[in-house]
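Throughout, read-outs are computed from the coordinates displayed, never taken from laboratory work. In this text the structure is predicted, and so the values were computed from the model without any measurement. Here the Cβ positions follow ideal geometry from the backbone for every residue, glycine too, while neighbour counts run over all protein chains shown.
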Amino acid sequence: MKLNKLGSIVAATAMCASVLTVSASAADFPGSKSITIVCPYAAGGASDTTSRIFASEFEKAIGTTVMVQNTTGASGAIGLETVRNSNPDGYTIAYMPVESTMLAALGYSDLTTNDFRFIGRAMTIPAAITVNADSEWQTFDDFIAYAKEHPGEVRVGNSGTGSIWQVAAASVEDVCGVEFNHVPFSDGAASAVTALLGNNIEAVAVSPSEVYTNVEAGDLRTLAVLGDEASSVLPDVSTATELGYDIVIQGWGGFAVPKDTPDDVVEILEKAAETAINSDAMKELLASKGYEHAYLSGADMDAKAAEELAYYTELIPSMGIVME
């Protein structure tokens, strides 16, 4: 699926308008002018909820009105295009999901994280490999050994074609030298988990929070978490890295501005973002959703995003994904 012509026209118009607008500087930023956070997903979802609690705390820290605008379409590309093509004056901020490192490789847009400067990362959501509690696989090693001996037989459910969870399973294939039968569920991870409970598939690659209830009930078993540290939701489950596998695949959410935003303005935004992200309100919200509070500075997140962009740009084409 490509950006439609209307989306391209809107983006081009925004770009032209930005040329006519004088950029802000720290001397008068932010003043009384309001700041808009563009969330590229619909109202009511996790990204929207995170954006709105951040906006509330960010408003206190920055000292001016902060609004959230939902601009949806093309797996987030439309909203991110809006910010990329906005005037780089610090008044338009994007909620940036991990998918921002994948959009170009998936064919949604030519947009990448190189078009932005992060002002901070708020959270991470690790992938995890989960199977039925009565399956023959007691450990992740067991699971990988079986997959090696039975290429293409293990059906692994995910939350949709091209989703971060499908990419997570593909990364396991890449690192471990195995081949799965990927089963995407276009209506989300919950349907994949239901299919696993019904023994219609053998495993799922979704987040710990999406299987937690069934793991606690004894119906499912999580074999490994693919985050960079243990999950607060399933703290007793080892990470793949701890088990000797160099696999770290996780969703994340942060905030960024167009790359040409002046350094002094970015510095102001970054300080306010750090305060907002590390607030008790933000930490409590993330914990209630089963997400990991994982603040990173803008510069550190720029480097992290560049690393992931390079990895996904190489990995995704090898997956043979065809977007409809």
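May I ask you to list, by number, the DSSP H helices of the chain whose Cα span along the axis is at least 15 Å and whose average Kyte-Doolittle hydropathy reaches 0.0 or more?
Span-like helices in the chain: 5-19, 164-176, 263-277.
Below 15 angstrom from the Cβ of TYR41, what's the summed charge of the other residues (Lys, Arg +1; Asp, Glu -1)?
Within the 15 Å Cβ shell, the charges total -1.
In deg cm²/dmol, rounded to 500, what helix-only [θ] at 222 nm does the chain give when every DSSP H run of at least 4 residues adds -39500 (n - 2.57) and the total is split over its residues?
-12000 deg cm²/dmol
Amide H neighbours of ALA294 under 5 Å, at least 5 residues apart or on other chains, H built in the peptide plane: list them.
So ALA294 has HN proximity to MET123, THR124.
Would you please give the residues with an amide H less than 5 Å from that of VAL183, counting only those at least 5 places away or on a separate chain, with H modeled from the backbone geometry?
Amide H neighbours of VAL183: VAL156, GLY157, ASN158.
From the C-alpha coordinates alone, can you work out the Kirkwood hydrodynamic radius of the chain, in Å?
20.4 Å is the Kirkwood radius here.
Within 10 Å of each residue's Cβ, count the other Cβ atoms and sort ARG221, ARG84, ARG52 from fewest upward.
With the fewest neighbours first, ARG221, ARG84, ARG52 line up as ARG52, ARG221, ARG84.
Got a sec? How would ASP115, ASP141 order by Cβ neighbour count within 10 Å, fewest to most?
Taking fewest neighbouring Cβ atoms as first place, the list is ASP141, ASP115.
Enumerate the amide H contacts of VAL68 below 5 Å, restricted to partners 5 or more residues apart or on another chain; note that Pro and chain-start residues carry no placed amide H.
HN-HN under 5 Å from VAL68: ILE37.
What is the percent of Cα-Cα separations in segment 234-290 that go past 18 Å?
58 percent
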